[in-house]
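Okay, structure first, notes after.
Values in this text are rule-based calculations from the coordinates and carry no lab data. All of these numbers come straight from a predicted model, not from anything done at the bench. Ideal geometry is used to build each Cβ from the backbone, glycine not excepted, and the neighbour counts take in all protein chains shown.
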Amino acid sequence: MSDKTPDPLQARKSAIYLLDQVLGEGRLLAECYAAGALERLAPEERARAQRLAVETLRSLERADRVLQKHLKKTPPLTVMNALRLGTVELCSGGAAHGVVNAMVTIVSKHRRHGQLKGMVNAVLRKVAEKGPAEWAKLRTPRLPNWLRKPLVQAWGAEAMLGIEAAHFAGAPLDITGNPGADLSALGGELLPTGSVRLTDAGQVSTLPGYATGDWWVQDVAAALPAKMINAQKGERVLDLCAAPGGKTMQMAAAGAQVTAVDASAGRMERLQENLSRTGLSADLIVGDALEQAGQFDAVLLDAPCSATGTIRRHPDLPHAKDGSEFGALIELQAQMLAHAWTLVKPGGRMVFCTCSLLPDEGECQIEEALDMFPDMSTDRSCFDGLGIDLAWITEEGGLRLRPDYWAERGGMDGFYMALLLKAG
């Protein structure tokens, strides 16, 4: 969608394209990136396009509320997305002249909608005048009803407001260190669980210790399953659905013999790059988790899920999806859990986890598994010394994490995890 001639409008044009894909085609931003949507952009333009698209999706409800006062009817999607992007920029302190002119120019060059440039100019000038004051008075953007309703049912209306506030605030950068690495040069906050948190981190690859493999990026919640499994030196450990590899690296750093399995060849390439950078090693298999065989001291299954716990970092998800795939995902999780259990040695252990806020993808899966497998039990002792609030431990013995937890520190991803012991 971009040409090779340098274009100062390219980042904004690319951001509008990304919005069109998410809101018009139901595609996730990660799918767009993987398909090469930004590959022709210079690194700084690519980063800006991503930031603009993410900020607009995060603020979509507010942008639409500001715009509705100035629109007699909704324009074609691409034009509407240009207006949304312009509104978010203007209401976030963007220079009115530059933002308005950029959006007018972009729309004027559109093959089908160029005649709407005058409308774009008029609307955004009104937004520039009145929008910032209106913006500050608007409520925190809410999730679409298809997702909000089941989450309110699960956690309550008050918790839902906290979750949405965490989504709107976005996510800081959390880091897991290689054992023995000195992370003090990063200047981050050491969290109770051992992760290091940075705010306004900037370009990750330029941070101290990145090139030398001292650490890797991993949300504080995502770092806990491997801590719970507590892999020991020499143990044979299986990491199912492993890419991009944070948990694989944690267990390899502990000295375990890790076999990492993932169905995506592209994601496994990224895992190999991460292992190489950090000086760690694991056996990598591109394949289906349901086809794996063998016996292991420990198995970690980070099952495919709705990813509803990651919306603060991926605000495209509630707009690109509609929940129609949840039933199939829940069934797949149950199949994977049952198969993974056959790979655990007698006396061994397994962690089941999902980055979901839906109990059907967490608590309910473990409750049903405990009923199905007489040799399975949950182990609560893994929470000792983990640095978590004991109130987060669930009735059946798992751990429920939500974005509104540690709100004063910047929150965390929504996650569910449980350590399962197999009778000897």
Size of charge dipole - the chain - debye, nearest 20, with Cβ of Lys, Arg +1 and Asp, Glu -1, no other charges: 2380 debye
Segments 78-85, 107-114, 45-52 sorted - mean Cβ within 10 Å per residue, highest first: 78-85, 45-52, 107-114
For the chain, longest principal axis from Cα atoms; helix 145-155 axis from its Cα atoms; angle between them, nearest 10 degrees, is 40 degrees
Using only the Cα atoms of the chain, build the gyration tensor, take square roots of its eigenvalues as a ≥ b ≥ c, and label the shape rounded, prolate or oblate: rounded if a/c is under 1.5, else prolate if a/b is larger than b/c, else oblate. prolate
Determine the relative contact order of region 10-137: mean sequence separation of Cα pairs under 8 Å and six or more apart, normalised by residue count, in whole percent. 24 percent
Restricting to Cα pairs below 8 Å that are 6+ residues apart, what does the relative contact order work out to for the chain? Please round to a whole percent. 14 percent
Extreme residue, positive dipole direction of region 173-422, given options LEU224, GLY194, THR308 (C-beta unit charges): GLY194
When only C-alpha pairs under 8 Å and at least 6 residues apart count, what is the relative contact order of region 173-422, in percent? 18 percent
Classify region 173-422 as rounded, prolate or oblate, taking a ≥ b ≥ c as the square roots of the eigenvalues of its Cα gyration tensor: rounded when a/c is under 1.5, otherwise prolate if a/b is larger than b/c and oblate if not. rounded
Any lysines whose Cα falls less than 25 Å from that of LYS422, other than same-chain ones fewer than 8 residues away, would be LYS227, LYS233, LYS247, LYS345
May I ask you to list the lysines whose Cα is less than 23 Å away from that of LYS137, ignoring any residue fewer than eight positions away on the same chain? LYS69, LYS72, LYS126
Distance in nm between LEU77 and LYS137 label points, each 7 Å along Cα→Cβ, equals 3.3 nm
